[in-house]
Amino acid sequence: MKFKDAGRMKESTLKRFLRLPRFDEHLELHRLDCASANRNLESYELVKRKLAEFPDEHLKPQPLTGRRFDCRRLPAGSALCGDI
């Protein structure tokens, strides 16, 4: 659902979005969804143009570092905290 917001994203946010793992598959799924639902491919075409504008080194998937998951914010006894 982020594709509809791509035109309003800051450049840094858009680059982070375009670097998602397997982004090419997300983009193709978005194209198929738009083509079958409303035939409006504006957001798809915008993202394709943006992909062409940025150099490849800016769009390589980035490792997940620096962000820590804080299970203290989850309800007590949450199953998600067991493996951390």
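Just so you know, all these numbers are worked out from the coordinates, no wet-lab data involved. Values in this document were obtained by computation on a predicted structure and should not be read as measured data. Cβ: placed from backbone, ideal geometry, glycine included. Neighbour counts: every protein chain shown.
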Problem set entry | Tabulated pairs, region 12-41, first assigned to a loop (DSSP other than H, G, I, E, B), second aliphatic (A, V, I, L, M), C-beta under 6 angstrom, 6+ apart or interchain | ARG19/LEU59
Problem set entry | Subset of region 1-52 (residues that are of a type in the set (S, T, N, Q) and loosely packed, with under 15 Cβ neighbours inside 10 Å) | SER12, THR13, SER36, ASN38, ASN40
